[in-house]
Every structure is written in C-alpha cells, then in structure tokens.
Amino acid sequence: MENEKCEKIRILIADDHKLIRVGLKNSLEKNNDMIVIAEAESGREAIQKFKTHKIDVAIVDLVLGDISGVEVIKQMNEINPDSSTIALSSQLKEQDVLNCMRFGALAYVLKDISSDILNMIVRTVNNGSLWLDSRAVSALKYAKNSILPQKVSSRASFRARHNNLTEREFEVLKLVVDGKSNFEIAEELNISEHTSKAHVCSIIQKLVVDDRTQAAVKAVKEGLV
C-alpha cells in the first residue's frame, strides 16, 4: 500500500482573476508532489468545490466577487478542519491578518512572493505548520491571546527559557518581529549590516528555527513581545 506522504498535495485555487489562477496552477504543477484539482472564481464556488473535492490545501484570494476571502476561509475550516488554507492578498492589512489567523488560515501570503517560496509554503501548511510573510508578523503582537492556541508566556519567562540569547540578540529579535530588515536593524542599533546579519543567524540557531520569520512567530507565541 502506497504511503500517504507520497501522494500529491491536492490544491484548490480561489481567485476572481483567471490569469492569476492559470499562473498559479502552472507554477504549482511543475512540482511532482502537487496537483491543482479545483479552481474557483468566486467565494461561493470555492466553498462548493471545497465540499465536493478532497482538498489538502486551499489558496484563497481575500478579494473575491461575492463574499470575502476571510469568510471563505472561515467556512472551509468549519467544513474540514483537517485541510489547510492559505490567505492570498495583494496588500498587507493587519486586520485581515488577524481575521485570517482567527478563522484557521495557516498562512498569510502577499502576491509578490516568488513561485519557489509559494511551493515551500504549500508544503509547510500541508504539514500543519504556520507560515507568515515577515511583513505580517508584527500584526500578531496586538492580538496574540485571541489567535494563537499556545499558552502565551510572559516576557520574563521567554527570557528565562532562552537565556542563551544575549541582551543584544533580544533587541535584534524584537526588531525582527517588527519586520525590520538586516539593514534597518543595523541603522536602528548603530551597528554594521554584517553584525546585524550575524545576530539574526545566531538567533535562528539558538531558537532552533529555520528562518527569521519562524523566529519572529516563536517570539510572539511565547510572549517576548
């Protein structure tokens, strides 16, 4: 019997622009582990196709012709919480980020990302993990208790658990949460960009995460900010 992990990730794309749907489909299906089995140009069509197909990952544009993408995501997660939803947007709106996370989306993605990153995101959410554009992470700081299931600890507890971080690294991590680039962190702290990058790399290693976005999400979840 074939192992389920070897099966292709079944994807639904909901976007009211055909050109975007075609582009996403062609890009995703270049991967041997992905297949787009349904497309929808409206929110209601997306929900209907989500009901009639076995979907692993739904990519939902937040601006659809009839009902909002946020409402589509909410209904999809009520229908099948085991599926994963990705919110797709052309602009960053903090309230949209919060609403999407509250209603079960595992990723908030801006449309200017590369196809390689989108491929990674699809695999990430299919495994049940959270992914956020680094520019959206700061929105979580203001409503973490209502959207993150993990118990939120105090700042002191975070420092106690991660006492391998230096004081400077705590400062850098807070700026990473704010979505600052290495250059902007360097400017803020009056250090070189090379030093800023070194601090970020050290933080990623010490927090045992894969990248700066995961480091920022971990900091928010565990109460640093």
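The values are calculated or read from the model by the stated rules, or taken from the named source; none is laboratory data. Predicted model, so just to flag it, every value in this text is computed and none were measured. Quick reminder, even Gly has a Cβ in these numbers, built from the backbone with ideal geometry, and neighbours come from all protein chains shown. These accessible areas exclude ligands, DNA and RNA; they are computed on the full protein's heavy atoms, side chains included. Shrake-Rupley method; radii C 1.70, N 1.55, O 1.52, S 1.80 Å.
Worth pointing out:
- Applying a threshold of 8 Å to beta carbon distances and a minimum spacing of six or more residues, or different chains, the list of pairs starting in segment 112-131 at a residue that is touching a residue at least 12 places away in the same chain (Cβ under 8 Å) and exposed (fewer than 15 other Cβ atoms within 10 Å of the Cβ) and ending at one that is outside any helix (DSSP H, G or I) and among the polar types (S, T, N, Q) reads GLY128/SER84.
Residue by residue, here is whether (1) among the acidic types (Asp, Glu); (2) in contact with a His (Cβ under 8 Å, 6 or more places away or on another chain); (3) open to solvent by 70 Å² or more (accessible area, probe 1.4 Å) holds:
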position: GLU7; (1), (2), (3): yes, no, yes
position: ASP15; (1), (2), (3): yes, no, no
position: ILE20; (1), (2), (3): no, no, no
position: ILE37; (1), (2), (3): no, yes, no
position: GLU45; (1), (2), (3): yes, no, no
position: ALA58; (1), (2), (3): no, no, no
position: SER68; (1), (2), (3): no, no, no
position: GLN75; (1), (2), (3): no, no, no
position: ARG102; (1), (2), (3): no, no, yes
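- Note on segment 96-112: residues that are under 20 Å from SER27 (Cβ atoms) and not charged (D, E, K, R) total 5.
- Close pairs (8 angstrom Cβ cut-off, 6 or more residues apart or separate chains): farther than 11 Å from ALA219 by Cβ in segment 171-188, at pLDDT below 90 and open to solvent by 30 Å² or more (accessible area, probe 1.4 Å) anywhere: GLY179/SER134; GLY179/ARG135; GLU188/LYS180
- Pairs where the first residue, in segment 65-89, is at negative phi and the second is among the acidic types (Asp, Glu) and not in a loop (DSSP other than H, G, I, E, B), C-beta under 8 Å, 6+ apart: GLY69/ASP61; VAL70/ASP96; ALA87/ASP96; LEU88/ASP61; SER89/ASP61; SER89/ASP96
- Scoring GLU167 on the criteria (1) of a type outside the set (Lys, Arg); (2) farther than 25 Å from GLU94 by Cβ; (3) crowded, with 18+ Cβ neighbours inside 10 Å leaves a single failure, condition (3).
- For the criterion of being out of contact with any Lys or Arg (no Cβ under 8 Å at 6 or more places or on another chain), open to solvent by 50 Å² or more (accessible area, probe 1.4 Å) and either within 24 Å of LEU92 (Cα to Cα) or of a type in the set (Ser, Thr, Tyr) (or both), ASP211 fails.
- Which numbered condition SER27 fails, given (1) touching a residue at least 60 places away in the same chain (Cβ under 8 Å); (2) crowded, with 20+ Cβ neighbours inside 10 Å: (2)
- Some residue of segment 190-197 being within 26 Å of VAL57 (Cβ to Cβ), open to solvent by 10 Å² or more (accessible area, probe 1.4 Å) and modelled with pLDDT of 75 or more: no
Condition check ((1) over 23 Å from the mean Cα position of the chain (by Cα); (2) on the phi > 0 side of the Ramachandran plot; (3) aliphatic (A, V, I, L, M)) across all residues:
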{"site": "HIS162", "(1), (2), (3)": "yes, no, no"}
{"site": "ILE191", "(1), (2), (3)": "yes, no, yes"}
{"site": "SER196", "(1), (2), (3)": "yes, no, no"}
{"site": "CYS201", "(1), (2), (3)": "no, no, no"}
